[in-house]
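The values are calculated or read from the model by the stated rules, or taken from the named source; none is laboratory data. Computed from a predicted structure; not experimentally measured. Ideal geometry is used to build each Cβ from the backbone, glycine not excepted, and the neighbour counts take in all protein chains shown. With ligands, DNA and RNA removed, areas are computed over all heavy atoms of the protein, side chains included. Shrake-Rupley method; radii C 1.70, N 1.55, O 1.52, S 1.80 Å.
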Amino acid sequence: YRVGANFSVVLADPVGPEEEIERIVLEFKGFCQESDWRIAFHQTLPDFLPVYEKLGFRKFKIGDDAIVDLALFSLDGKRGRSYQRVVSRIESQDIRIRQIIPPISGDDLEGLKEVSDEWLTITGKRERGFTLGAFNREYIGTTTVLAAVAPKNEVLGFVNLIPSYRKGEAAGDLMRRRNRVPNGLMDYIFIELFLYLKEKGYERFNMGMAPMSGFREGED
């Protein structure tokens with residue numbers, strides 16, 4: 001959890017045996033009250049909503065996960081032609097996708113860090129490190145990375161994959177690029193990423209929460 005504006009914001013549900021969840025939430029609620037903090041649990045699963053409601057919390061939807069159905073993703077057909085144009089345009093500049101499988105070597109980590117450091121110089125970009133990961137060599141070195149590379153193996157941009165609690169689903173964490181890259185480079189990375197995951201047997205890709213989206217008429 002983190003505290004801001006006198007509010008303790010907890011990332012996701014407590015971790016532990018199911019029968020202990022109610023007790024630990026209640027004890028944490030008491031701890032926050034003693035510290036004069038209000039409290040919110042952010043990005044919880046539906047599983048423990050009855051527990052939160054029993055303890056006086058109320059549900060407040062702020063968005064939905066952005067999900068790509070990989071079964072429907074293809075380079076064929078009318079929609080697929082636009083993806084093909086992106087791939088052709090990027091690859092005509094001698095750029096290719098490279099799959100970097102853990103454990104990642106020191107040289108590869110250095111190349112990824114160069115991209116990350118450059119990305120952090122873009123106005124408005126910073127390490128958030130709460131709902132998103134931050135660049136950390138030890139962490140990145142244990143994840144699969146798809147990178148767009150130029151000749152001489154120069155990394156231009158990358159996405160790293162992280163586990164999902166849902167079977168058949170993959171998720172991304174860091175999505176970073178250099179300041180000056182060909183237009184559409186990140187689109188190219190994601191197109192190749194979706195094709196890679198589809199080949200591996202994944203059914204969906206979770207791009208993270210899209211704030212203020214996914215609301216349906218009459219939804220609670």
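Brief remarks on what is shown
- Here segment 1-100 is treated with +1 on each Lys and Arg Cβ and -1 on each Asp and Glu Cβ, and its dipole about the Cα centre works out to around 800 debye.
- Only beta bridges with both residues in the chain are counted; by DSSP, about 75 percent of them are antiparallel.
- Over the chain, DSSP H runs of length four or greater, each weighted -39,500 (n - 2.57), average out per residue to a 222 nm ellipticity of -9500 deg cm²/dmol.
- Rounded to the nearest 20 debye, the dipole magnitude of the chain is 860 debye, with +1 charges on Lys and Arg beta carbons, -1 on Asp and Glu beta carbons, and the Cα centre as origin.
- Answer label for Rg and Dmax of the Cα atoms in Å (calculated), chosen among (1) 20.9, 71; (2) 20.5, 62; (3) 24.2, 70: (2)
- Per residue solvent-accessible surface (Å²) - segment 162-220, probe of 1.4 Å: 63
- Heavy-atom surface analysis with a 1.4 Å probe gives the chain a carbon and sulfur content of 50 percent of its accessible area.
- The alpha carbon centroids of segment 155-206 and segment 13-62 are separated by 32 Å.
- A 1.4 Å probe run over segment 1-49, with the rest of the protein chains in place, finds 69 Å² accessible per residue.
- Taking every protein chain into account, the accessible area of segment 59-121 amounts to 63 square angstrom per residue (probe 1.4 Å).
- Loop trypsin sites (Lys or Arg not before Pro), segment 144-220, which have at most 14 other Cβ atoms in a 10 Å radius of their Cβ (DSSP): Arg166, Lys167, Arg180, Lys200, Arg216
- Note on Asp173: accessible area approximately 20 square angstrom, rounded to 10, probe 1.4 Å, nucleic acids and ligands left out.
- Longest DSSP-loop-exposure-free segment, GluC sites (Glu not before Pro), the chain, at most 16 other Cβ within 10 Å: 1-126
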